[in-house]
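What follows is one structure encoded as structure tokens, with my remarks underneath.
The values are calculated or read from the model by the stated rules, or taken from the named source; none is laboratory data. Note that this is a predicted model, so its numbers are computed, not measured. Reconstructed Cβ throughout: ideal geometry from the backbone, glycine too, with neighbour counts over all protein chains shown. Ligands, DNA and RNA are excluded from the accessible area calculation, which covers all protein heavy atoms including side chains. Shrake-Rupley method; radii C 1.70, N 1.55, O 1.52, S 1.80 Å.
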Amino acid sequence: MATGKNLKMRTRLEEQLIQNWRSLGMPFSRPKWCSPSRPTPLHGASCWRCKCLLPSCSLGSVVFDCFEAALGAEVRIWSYTQPRYQKELNFTQQLPDCKGLEVRDSIQSCWALPWLNVSADGDDVYLVLDVSEEQRFGLSLYWNQIQGPTKPWWHRNLTGPQTITLNHTDLFPCLCIQVWPLEPDSVRTSICPFREDPRAHRNLWRAARLQLLPPRGWRLDAPCSLLAEATLCWQAPGGGPCQSLVPPLYQANVTVNKTLELPLLNAHPNLCVQVSSWEKLQLQECLWADSLRALKDDLLLVETRGLQDNRSLCALEPSGCTPLLSKASTRAARLGEQLLQDLQSGQCLQLWEDELRALWACPMDKYVHQRWALVWLACLLLASVLFLLFLFRKDHVKGWLRLLKEDLRAGAAARARAALLLYSAEDSGFERLVGALASALCQLPLQVTVDLWSRRELSAQGPLAWFHAQRRQTLQEGGVVVLLFSPGAVALCHEWLQDAASASASAPHGPHDAFAASLSCVLPDFLQGRAPGRYVGAYFDGLLHSGAVPALFRSVPVFSLPSQLPDFLGTLQGPGAPSPGRLGERAKQVSRALQPTLDQLLQALGGPGGPGGGTRDGT
């Protein structure tokens, strides 16, 4: 018997062969294996022929002459002696499918199979299906995920030759294509042509999101599986690289779209998770990122336990792990005895431990306070001396104080307020407009940061990690984040707001990946009411109107540029803004630098191939 669609089989077993075995006195025991020849299709008939060799070449063979089965099916064949079922001979055979050249020309259902060709031209990828004019077939694009079920993305029933165009931003390593004739029981052909495409791997990392979930969970969301390593690290205040720690995470084949647990006893705001691929840092997220709490000035102690209760302690510093009670000229070495007393008295927080090692976070606030007490004492002594000088030489001191006041004003101007510009990079013309605005603002007492001037850092760290670091530094210094709205940025904001309302996560796409990465932590500030005082919105005259800005973002001031430049500059500079007259002069300078680039962009948008003149609403 055989399994398959409408499977029927005719077997011929020569009775004379059995008689010969018995006449020769040869035992006929149940064979342990059978060596079948490769099944071949019979021309002119929808059946298969399979030849099975018996265990001994001298015994001959059994030919299964014609049986029906589906292409690519698994067939199991039993044969037996007379009387039935006393002795059996069986085997299982995998039949070829339409991919085999010897089958493609013999089976009629394989003749109409659509053949697919993938080609690239610049930023576009073409899927060319070469079939006959009247051939109807189905085409499906899906994400073939190793961890979890496949996710369909696009499906169509088509007729005749077709050319499907994909943008390079739609490519992912797990994006597969399936095509089949619209006939009953047709064979489906699937290919995944972008597994090794560098553009697909870049898109995958841009779409990946790393989240830390309370109390001690973490999750990596991505459309495809990732070959990556995850490590725990310690981020000290004052910048610098995040230093890797001992507690192991999933070192390879990180599970995506699944919540995992950090191997910690207690959480600490200085702890971060890094995800790397091929020794390149791709993503980093820290425990303080959601609440924007300042990093603690704690010192991390690494305890190593040996035999007979021996243990050694060292402090993790930028230069390495410094042993306590050593003669090194570092803070940990100078405070070694005090840190040991803090550890023994229970003032340090244990973060992790195993049989041989442990991690402790020891607060350093009290030692910093002692240092600042000496500084304040020195300041009081200096103030007393100045006061005595003022009493004895009043006229000379007045002139000196006047010069001191001017120096303080110059110092305040040097310590300009920080401003981080965020925008959606729609095209080169809009990027030039943003660059002109950033350059003009740098002429004012403002410290401007924009990704156009940090491409090397952005490439090394990735958009999400770079934005987290810049946003944290800007807000901790009392600066402001400027959201520059454009039609593409408005459309992307609406998409994120819809995803948040439906509790679904869509992968970032299109040319706005850096802006999309910033939305992952900008939107929570607006939704939780933390945006006023930290954010300012702006859009350019002629590109957008005020009604197109989503209502959620109108909880902060939104200005039209360059028509509202004086108010915009006053908000950026904050409480230390100059007089209205001075603001007006600065607004004219910025407008003169900004207007030519804006006019060129509006002229390009209104010319041939552009969307036409007038204001675009971005919806």
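Of the residues in the stretch 568-591, how many are assigned to a helix (DSSP H, G or I) and open to solvent by less than 70 Å² (accessible area, probe 1.4 Å)?
15
For the stretch 252-283, give me each residue that is in contact with a Gly (Cβ under 8 Å, 6 or more places away or on another chain), open to solvent by less than 40 Å² (accessible area, probe 1.4 Å) and touching a residue at least 60 places away in the same chain (Cβ under 8 Å).
GLN282, LEU283
For residues in the stretch 284-298 being at pLDDT below 85 and not hydrophobic (A, V, I, L, M, F, W, C), which is surrounded by the most Cβ atoms within 10 Å (Cβ to Cβ)?
LYS296
Table: residues versus (1) of a type in the set (Ser, Thr, Tyr); (2) surrounded by fewer than 13 Cβ atoms within 10 Å (Cβ to Cβ); (3) assigned to a strand (DSSP E or B).
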| site | (1), (2), (3) |
| --- | --- |
| GLN145 | no, no, no |
| LEU158 | no, no, yes |
| THR165 | yes, yes, yes |
| ILE177 | no, no, yes |
| SER186 | yes, no, no |
| ARG199 | no, no, no |
| LEU220 | no, no, yes |
| SER225 | yes, no, no |
| CYS233 | no, no, yes |
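Quick grid of which residues meet (1) modelled with pLDDT under 85; (2) within 25 Å of GLN589 (Cα to Cα); (3) open to solvent by less than 10 Å² (accessible area, probe 1.4 Å); (4) not in a helix (DSSP H, G or I):
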residue	(1), (2), (3), (4)
GLU406	yes, yes, no, no
ALA419	no, yes, yes, yes
LEU433	no, yes, yes, no
SER439	no, yes, no, no
LEU444	yes, yes, no, yes
ARG471	no, no, yes, no
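CYS242: modelled with pLDDT of 85 or more, surrounded by 15 or more Cβ atoms within 10 Å (Cβ to Cβ), touching a Phe, Trp or Tyr at 6+ places or on another chain (Cβ under 8 Å) and under 30 Å from LEU175 (Cβ atoms), yes or no? Break it down stepwise before answering.
Details: modelled with pLDDT of 85 or more: yes; surrounded by 15 or more Cβ atoms within 10 Å (Cβ to Cβ): yes; touching a Phe, Trp or Tyr at 6+ places or on another chain (Cβ under 8 Å): yes; under 30 Å from LEU175 (Cβ atoms): no.
Answer is no for this residue.
Which condition breaks for ARG530 when tested against (1) at pLDDT below 85; (2) closer than 21 Å to LEU213 by Cα?
All conditions are met except number (1).
Just need a number here: residues in the stretch 203-218 that are under 13 Å from the mean Cα position of the chain (by Cα) and open to solvent by 60 Å² or more (accessible area, probe 1.4 Å).
So the count comes out to 2.
Quick test of your reading of the structure: LYS151 fulfils all but one of (1) more than 30 Å from LEU316 (Cβ to Cβ); (2) within 15 Å of the chain's Cα centre (by Cα). Name the failing condition by number.
(2)
Which members of the stretch 324-371 meet the condition of being in a loop (DSSP other than H, G, I, E, B) and under 21 Å from PRO237 (Cβ atoms)? It would help to see each step written out before you state the result.
Quick first cut of the stretch 324-371, residues in a loop (DSSP other than H, G, I, E, B) only: 324-330, 335, 345-348, 354-356, 364.
Across the stretch 324-371, the qualifying residues are LEU324, ALA328, SER329, THR330, LEU335, GLN347, CYS348, MET364.
Within the stretch 476-487, identify whether any single residue is part of a helix (DSSP H, G or I) and either modelled with pLDDT of 80 or more or in contact with a Gly (Cβ under 8 Å, 6 or more places away or on another chain) (or both), and answer yes or no. So that I can check it myself, show each step before the final result.
In the first step, residues of the stretch 476-487 are kept if they are part of a helix (DSSP H, G or I); the result is 476, 487.
Next, from what is left, pick out any that are either modelled with pLDDT of 80 or more or in contact with a Gly (Cβ under 8 Å, 6 or more places away or on another chain) (or both): 476, 487.
Yes, the conditions are met somewhere in the stretch 476-487.
So is ARG209 among the charged types (D, E, K, R) and under 30 Å from LEU129 (Cα atoms) or not?
no
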